[in-house]
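These notes are about the structure you will find just below.
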Amino acid sequence: MRALALLALLCASACTPDFAAPSSVTDLRVLAVQADPPEAQYDDAGVDPVQVRVLAVDPRDAGPIVLHAQLCAATDSRRCDGGPTLDLGEQPLSATLLVPPEVISQARNSDDLKGLGGIRVQYSFSVQNGGTPVYASKVLLFSPRGGTPNRNPALSQVNLTRDGDAGGFAGPGDTLDLPAGVEIGLRPVLADGSREDYVTTDLRGNPVTLREQPRYSFFVTPGGEFSADTADEPLDGGAPPDGLTRLTGHSGDGGLWIVVRDGRGGESWTELRWSVAATPISSQPVRDRQAHR
């Protein structure tokens with residue numbers, strides 16, 4: 001337990017600056033990693049390819065981000081620091097992987113459950129743009145061909161509110177014109193089919209049907225601030241009048257990211273831009289100053 005606590009502390013200190021909110025992005029950060037499909041399948045004929053997309057950002061624009069990656073069996077440290085490792089060398093932030101069958105076999109053999117619930121192969125990597133490297137990882141899940149594999153959730157839009165009143169919506173790549181110091185509610189909207197039912201096995205070996213419980217993480221560059229770093233998708237699909245979090249723009253312009261995870265390894269994100277008006281904006285709802293590309 002002590003080792004886990006120390007590991008969590010080290011991870012937290014490596015991921016965010018001291019005393020900074022987790023949603024505040026001030027330097028090089030890995031915000032999300034998507035595997036598509038999140039549950040790849042295999043059989044005697046071969047293994048499905050997996051596209052890995054890394055959301056790594058640095059608002060300082062300190063230069064190109066370089067990524068180095070390895071494949072191995074899942075480890076507690078989330079690094080390939082023991083056992084057989086396949087060094088992939090330098091990789092793009094979006095790469096299609098053809099995982100060798102022997103890597104999957106090694107991962108299965110090192111798993112105490114021998115692949116029950118899927119074989120987990122760890123994609124461990126570092127990103128660097130001239131300064132200290134940042135480390136992260138993603139578990140790639142492989143299951144025997146057949147059945148219904150998991151799919152990544154997706155966001156269709158973000159609904160906006162001001163003082164509880166509807167204020168239009170924004171789509172990927174849009175820019176929000178923000179009045180300085182005013183809270184704008186954000187409510188991410190899942191695309192159709194993003195919240196899936198799935199069958200798992202309980203401790204007695206009985207099949208159980210469950211529904212995914214998506215969770216959102218919010219990130220913003222300096223000059224903007226979120227009231228909540230994370231939020232769960234409401235069970236009834238509704239949302240508070242002020243959204244699931246509130247964005248306040250204080251000065252300048254920048255970017256924001258909303259990451260959604262389904263709790264089963266599936267994740268995706270949407271990116272928006274924002275800009276704070278240099279002069280006071282009227283108190284009209286946000287919809288009268290529509291988001292623009």
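The values are calculated or read from the model by the stated rules, or taken from the named source; none is laboratory data. Everything quoted here is computed from the prediction, not taken from an experiment. When we count neighbours, we look across all protein chains shown, and the Cβ atoms used for this are built from the backbone with ideal geometry, even at glycine. With ligands, DNA and RNA removed, areas are computed over all heavy atoms of the protein, side chains included. Shrake-Rupley method; radii C 1.70, N 1.55, O 1.52, S 1.80 Å.
The charge dipole of the chain, taken about the Cα centre with unit charges on the Cβ atoms of Lys, Arg (+1) and Asp, Glu (-1), comes to about 180 debye, rounded to the nearest 20.
Split the accessible area of segment 48-140 by element, probe 1.4 Å, and carbon with sulfur accounts for 49%.
Over the residues of the chain, the helix contribution to mean residue ellipticity at 222 nm works out to -2500 deg cm²/dmol, using -39500 (n - 2.57) for each DSSP H run of at least 4.
Springs between alpha-carbon pairs under 10 angstrom, Gaussian network model over the chain: which of Asp112, Asp177, Asp253 fluctuates most? Top of the fluctuation ranking is Asp112.
Apply the a/c threshold of 1.5 to the C-alpha gyration tensor of segment 148-290 and tell me whether it is rounded, prolate or oblate.
In terms of gyration-tensor shape, prolate.
Residues Ile184, Ile65, ordered by accessible area of protein heavy atoms at a 1.4 angstrom probe radius and largest first, appear as Ile65, Ile184.
Length gain on complete extension for the stretch Gln51 to Thr148, per 0.36 nm per residue less the alpha carbon to alpha carbon distance?
33.0 nm
What the chain shows is 53 Å² of accessible area per residue, with the surface traced by a 1.4 Å probe over protein heavy atoms.
In terms of the mean number of neighbouring beta-carbon atoms within 10 Å, the peptides 156-167, 230-241 order highest first as 156-167, 230-241. Close amide H pairs (under 5 Å, H built 1.01 Å from N) link Thr245 with Leu186, residues at least 5 positions away or on another chain.
Note on the chain: dipole from Cβ charges, positive end direction compared against Gly185, Gly237, Thr209; the farthest Cα belongs to Thr209. When its C-alpha radius of gyration is set against 2.2 N^0.38 Å (N residues), the chain gives a value of 1.09. When peptides 131-139, 76-84 are ranked by their average number of other Cβ atoms within 10 Å per residue, the highest-first order is 131-139, 76-84.
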